[in-house]
Amino acid sequence: MVAHDGTPLAAADAARLHMSARENPMLITVLLSLDRAIAHEALESRLDTRLARHARFRQRVVEPRLGLGMPRWIFDPTFDVRHHVHRIDAALVPSSRSLEELTSDVAGIPLTVRHPLWRAHLIDGAEPALVLSVHHALADGAALLALLAELADDGPDAQAPPPVARKTTRSRARQIAAGAVAAGRLALARPDPATPLRGRLGVEKRLAFSSAIALDDLRRIARALDTTVTGVLLAAVAGACRAEAAASGADERLAIHALVPVDARGGAPGGLGNRYGSALVPLPIGAGGLDERVRRVREAVRALRSGGAGAEAARLAEAAGALSGFVERLGVSLFSRRASVTVSSVRGPTRELRLCGAVVRDVVVWAPAAGSIALSVTLMSYAGRARVGVAVDARTIGSARRVVERLEHELEQIRAFASATAAYTAER
């Protein structure tokens, strides 16, 4: 085994590490719904041979003394996969607790930096499931979901490939300089106005997920509206945020922004780590009608795809990661004030997977919301269908289930709007 002790974090990974706070721990949560229970020991063995073979899952993070220099990956001498895998007997949990609520409970358990930054909870009961919690410093959503194929029964048993080399080995000074222009443009953007979507965060987060949505249906709607699946999702999020603001008596004419992850891989192999940046996308919650909201979101998505936002956002993240943790956390605070929601769309496996003999019926992902943002919306596709995961700060927004219901209503409205177009009819 090649030693990786003392390996500095990549700047983009350090950026996600330092975004963590007690009120926002930057954990990616993945729920795998299973068709039957699996043995605890079998899961431990699978995670040990397939997940923990990646060095990052056996390493902990050590910060530099006095905050000078980059944090480093250090192998945990006490690592034992059994310390990271826990079992919940749903029969011992009150019957009123749904799978959503159980997932919220386990996702809210903090990780400790004294050990590798991941954890698994196996839920046994009427709704068997596996909940994985992984710190964003280890991997972005795309990299983490790529590991699902490795965990599957027909995944590879061979040794993990060596880490993918990054194309750039720029010094910290050059990384900071590269992000300066992007930071300057960001500084000119106004913070999002005060709405019920923003407020002082608490520690408790609540999670919920939508009913299954046919992926072909989403794609048909997107083509009919001349946009992307992400564009459809953003239009629905804008409508749901409008309803949240209206229900609380806020001025519906207020404009807000979504923080949207933009891939910076450019088709290159990913590996673990973070290869994306986040761009600000305006959400027209004040638009008078659905047609106007869809049109403005379509324009915003086109601008996002054609403006090099991914590369610029990635440079900004690298620059942040190259700074000290204190300065970076200050930057995250300023950055997150310019958005009210994080919106992600992730492509998962196109076929059904099996885990330790059980069929993975569904996969739901909840991406974290950085800084002071209280709402995160993540669309995850899997085996021809999709689900939307919603995470909210309980103190600021309260109910994730309410937001999911608003999103489902908006998606139905958008589907009806799309069905009235000739493009949609021609697809049928």
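Please treat every number below as a calculation from the coordinates, not as lab data. Worth saying up front: this structure is predicted, and the values here are computed from it rather than measured. Counting neighbours? That spans all protein chains shown, and the Cβs are built from the backbone with ideal geometry, glycine included.
Within the shell of other residues whose beta carbon sits under 9 angstrom from the beta carbon of Thr227, the net charge comes to +2, with Lys and Arg scored +1 and Asp and Glu -1. Look at Thr195, Thr342 and count the other Cβ atoms within 10 Å of each Cβ; fewest to most, that gives Thr195, Thr342.
Over the stretch 7-151, Cα pairs under 8 Å with separation of 6+ residues give a relative contact order of 37 percent. Neighbours of Leu147, meaning other residues whose beta-carbon lies under 11 angstrom from its beta-carbon, give a summed charge of +2 when Lys and Arg score +1 and Asp and Glu score -1. Taking the fewest neighbouring Cβ atoms within 10 Å as the starting point, the ordered list for Phe75, Phe57 is Phe75, Phe57. Placing a label point 7 Å from the Cα of Ser98 along the Cα-to-Cβ direction, the residues of the stretch 203-223 with a backbone N closer than 15 Å are 206-212. Other residues lying with their Cβ under 13 Å from the Cβ of His54 contribute a combined charge of +2, Lys and Arg counting +1, Asp and Glu -1. The length gained by stretching the chain between Val113 and Ala194 to full extension, at 0.36 nm per residue less their Cα-Cα distance, is 25.8 nm. Projected label points at Arg347 and Arg302, each 7 Å from Cα along the beta carbon direction, are separated by 2.3 nanometres. Taking the stretch 206-232 and a reference point 7 angstrom along Cα→Cβ of Ala420, the backbone N atoms nearer than 17 Å belong to 221-222, 224-226. Ordering Leu68, Leu379 from the fewest to the most neighbouring beta carbons within 10 Å gives Leu68, Leu379. Between Glu204 and His409, the FRET efficiency estimated from the beta carbon spacing at R0 = 25 angstrom works out to 0.45.
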